[in-house]
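Engineer: Have a look at this one.
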Amino acid sequence: MIAKKVVISKAATRQAPGRSFEPHRNARGALLRYLRECRLKRGETILLPAYVGWSPREGSGIFDPVRELELDYAFYRLDESLGIDMGSLRGAIARGNARVLLLVHYFGHVDPAYAEAVSLARGACLRIIEDEAHAMLSDLVGAACGRLGDVCLYSLHKLLPMNSGGMLVRNTLEAGPGQPGPGENSGALWRHDLAAIAASRRRNAQHLYGLLDGMEGDVEPLWGPPAESEVPQTLPVRLLRANRDAVYHGLNRAGFGVVSLYHTLIEPIAPTAFPDSHRLARRILNLPVHQDILPEQLDAMAACLKKSLAENRS
Ligand SMILES: Cc1ncc(COP(=O)(O)O)c(C=O)c1O
């Protein structure tokens, strides 16, 4: 038998795997664009996680495009730490009319059931959108997500010092049909040191986790510290005893920019059908860990949080 000659070229020439990046004004613009392409018919649904927020100023980044296109939708359940309820997702897919699955990598965290959820949806020929409005760096720097779905959505202003910017990322080298969205931010991603930003965010999260250790019984992080590949957008915690709104306002008054994503869920996510989502919405507080923050600022915020928790026990 003649042995096959083994060769290695000097440089790579194969194009795949590849991705294409289409700039948009924001993540919701990218979502709107892709959903238009999906051309869902009446009765065909998009499956959404049952944790989608709304505010009078910002509307709903996820639900507004769905409503604008008058799509039919259904929700799958998440647990109180935003983990995908696989039984609920399986049930929603088994109904047979779902065509698109939207997964959200909340706050940069990647659900342990991510791959299983994708594989379930693939088996039923659904298109898969990964909402990485909070998880662009977990994707670009950590490669923790963004590779299993068909497309990803980025929201640049949620992680970088920008006022706007979105991206529709296709997991193929082929550009999408039609005109791309407004391109003002197309080069912005590469003007930032994403690896350095990711490292600062991870460092800040680690530091804050240490400080939260002293608040057991009052504060419970939704998850353990980020995996090495994950880059947090914020650090979400559940307040176990204190009045969340009072703590939120107290910290902001003191100059610490905390948010509550989401304090108000969209109306179709009914409290009776999704009690876990509503319980979390009442208790969640997102602590900042962004790249501008220094460890001593986190120390001061943690001290203020501790004081506010004691003053606002309910
Ligand atoms: C999970 C999630 N997806 C999408 C969006 C929409 O982001 P953008 O403000 O870039 O449209 C938001 C925020 O509104 C969000 O929190």
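The values are calculated or read from the model by the stated rules, or taken from the named source; none is laboratory data. Remember, it's a predicted structure, so these values are computed and weren't measured experimentally. No Cβ is skipped: glycine too gets one built from the backbone with ideal geometry, and neighbour counts run over all protein chains shown.
Engineer: For residue 167, only one of the following conditions fails: (1) at pLDDT 95 or above; (2) more than 14 Å from the ligand (Cβ to nearest atom); (3) not assigned by TED's automatic domain parsing to the domain that holds residue 301. What is its number?
Structural biologist: (2)
Engineer: Mind counting the residues in segment 53-73 that are without any contact (Cβ under 8 Å) to a residue 40 or more places away in the chain, surrounded by fewer than 18 Cβ atoms within 10 Å (Cβ to Cβ) and either over 28 Å from residue 25 (Cβ atoms) or not aliphatic (A, V, I, L, M) (or both)?
Structural biologist: Matching residues across segment 53-73 total 9.
Engineer: If residue 27 meets every condition in (1) within 13 Å of the ligand (Cβ to nearest atom); (2) touching an Asp or Glu at 6+ places or on another chain (Cβ under 6 Å) apart from one, which number is that one?
Structural biologist: (2)
Engineer: Can you report the number of residues in segment 234-261 which are within 16 Å of the ligand (Cβ to nearest atom) and out of contact with any Leu (no Cβ under 9 Å at 6 or more places or on another chain)?
Structural biologist: 1
Engineer: Determine if segment 99-116 includes at least one residue that is in contact (Cβ under 8 Å) with a residue 40 or more places away in the chain, more than 22 Å from residue 137 (Cα to Cα) and surrounded by 14 or more Cβ atoms within 10 Å (Cβ to Cβ). Spell out how you get there, then give the answer.
Structural biologist: Step one: of segment 99-116, the residues in contact (Cβ under 8 Å) with a residue 40 or more places away in the chain are 99-110.
The next check asks that each one be more than 22 Å from residue 137 (Cα to Cα); those that pass are 99-100.
So of that shortlist, the ones also surrounded by 14 or more Cβ atoms within 10 Å (Cβ to Cβ) come out as 99-100.
Yes, segment 99-116 contains at least one residue that is in contact (Cβ under 8 Å) with a residue 40 or more places away in the chain, more than 22 Å from residue 137 (Cα to Cα) and surrounded by 14 or more Cβ atoms within 10 Å (Cβ to Cβ).
Engineer: Consider residue 276 carefully, then state whether it is at pLDDT 95 or above, surrounded by fewer than 20 Cβ atoms within 10 Å (Cβ to Cβ) and either in a helix (DSSP H, G or I) or touching a Phe, Trp or Tyr at 6+ places or on another chain (Cβ under 7 Å) (or both).
Structural biologist: Numbers: at pLDDT 95 or above: yes; surrounded by fewer than 20 Cβ atoms within 10 Å (Cβ to Cβ): yes; either in a helix (DSSP H, G or I) or touching a Phe, Trp or Tyr at 6+ places or on another chain (Cβ under 7 Å) (or both): yes.
Yes: the conditions hold for residue 276.
Engineer: Follow-up question, since we're still on this one. Take segment 279-312 and flag every residue that is outside any helix (DSSP H, G or I) and exposed (fewer than 14 other Cβ atoms within 10 Å of the Cβ). If you could, list the steps in order and put the result at the bottom.
Structural biologist: Within segment 279-312, the subset outside any helix (DSSP H, G or I) is 284-294, 312.
Hits for segment 279-312 are 292, 294.
Engineer: Taking helices (runs of 4 or more DSSP H) that fall entirely within segment 15-113, which contain at least 2 residues that are within 17 Å of the chain's Cα centre (by Cα)? Outline the logic, then answer.
Structural biologist: Numbers: elements: 27-38, 63-68, 86-94.
Counting at least 2 such residues, we get 27-38, 63-68.
Engineer: Can you name every residue in segment 125-140 that is closer than 17 Å to residue 165 by Cα and either outside any strand (DSSP E or B) or among the basic types (Lys, Arg) (or both)?
Structural biologist: Scanning segment 125-140 gives 133, 134, 135, 136, 137, 139, 140.
Engineer: Related question: So, residue 127, is that one of a type in the set (Lys, Arg) and away from the ligand (no atom under 15 Å from the Cβ) or not? Can you show your working first?
Structural biologist: Numbers: of a type in the set (Lys, Arg): yes; away from the ligand (no atom under 15 Å from the Cβ): yes.
It is true that residue 127 is of a type in the set (Lys, Arg) and away from the ligand (no atom under 15 Å from the Cβ).
Engineer: Let me ask something additional. Give the residue, chosen from 88, 9, that is without any contact (Cβ under 8 Å) to a residue 60 or more places away in the chain, touching a Lys or Arg at 6+ places or on another chain (Cβ under 7 Å) and among the polar types (S, T, N, Q). Full working, then the answer.
Structural biologist: Details: 9 fails: touching a Lys or Arg at 6+ places or on another chain (Cβ under 7 Å).
Result: 88 is the single residue among 88, 9 that is without any contact (Cβ under 8 Å) to a residue 60 or more places away in the chain, touching a Lys or Arg at 6+ places or on another chain (Cβ under 7 Å) and among the polar types (S, T, N, Q).
Engineer: Could I ask something else about it? Among the residues of segment 55-98, which ones are charged (D, E, K, R) and within 14 Å of the ligand (Cβ to nearest atom)?
Structural biologist: To start, the set of residues in segment 55-98 that are charged (D, E, K, R) comprises 57-58, 64, 67-68, 70, 72, 77, 79-80, 85, 90, 95.
The answer is 57, 58, 64, 67, 68.
Engineer: In the list 232, 226, 236, which residue meets the criterion of being within 22 Å of the chain's Cα centre (by Cα), under 28 Å from residue 132 (Cβ atoms), in a strand (DSSP E or B) and modelled with pLDDT of 95 or more? Steps first, please.
Structural biologist: Details: 232 fails: in a strand (DSSP E or B); 226 fails: in a strand (DSSP E or B).
It is 236.
Engineer: Have a look at 203, 241, 313 and point out the one that is over 22 Å from residue 135 (Cα atoms) and either modelled with pLDDT of 95 or more or of a type in the set (Phe, Trp, Tyr) (or both).
Structural biologist: Details: 203 fails: over 22 Å from residue 135 (Cα atoms); 313 fails: either modelled with pLDDT of 95 or more or of a type in the set (Phe, Trp, Tyr) (or both).
Exactly one of 203, 241, 313 is over 22 Å from residue 135 (Cα atoms) and either modelled with pLDDT of 95 or more or of a type in the set (Phe, Trp, Tyr) (or both), namely 241.
Engineer: Which of the residues spanning segment 219-233 are of a type outside the set (A, V, I, L, M, F, W, C), surrounded by fewer than 21 Cβ atoms within 10 Å (Cβ to Cβ) and farther than 14 Å from residue 287 by Cα?
Structural biologist: We begin by selecting, within segment 219-233, every residue of a type outside the set (A, V, I, L, M, F, W, C); these are 220-221, 224-226, 228-230, 232-233.
Going one step further and asking which of them are surrounded by fewer than 21 Cβ atoms within 10 Å (Cβ to Cβ), we end up with 220-221, 224-225, 228-229.
Result: 224, 228, 229.
Engineer: Is there a residue in segment 1-21 that is surrounded by 14 or more Cβ atoms within 10 Å (Cβ to Cβ) and closer than 30 Å to residue 222 by Cα?
Structural biologist: Checked segment 1-21: no residue is surrounded by 14 or more Cβ atoms within 10 Å (Cβ to Cβ) and closer than 30 Å to residue 222 by Cα.
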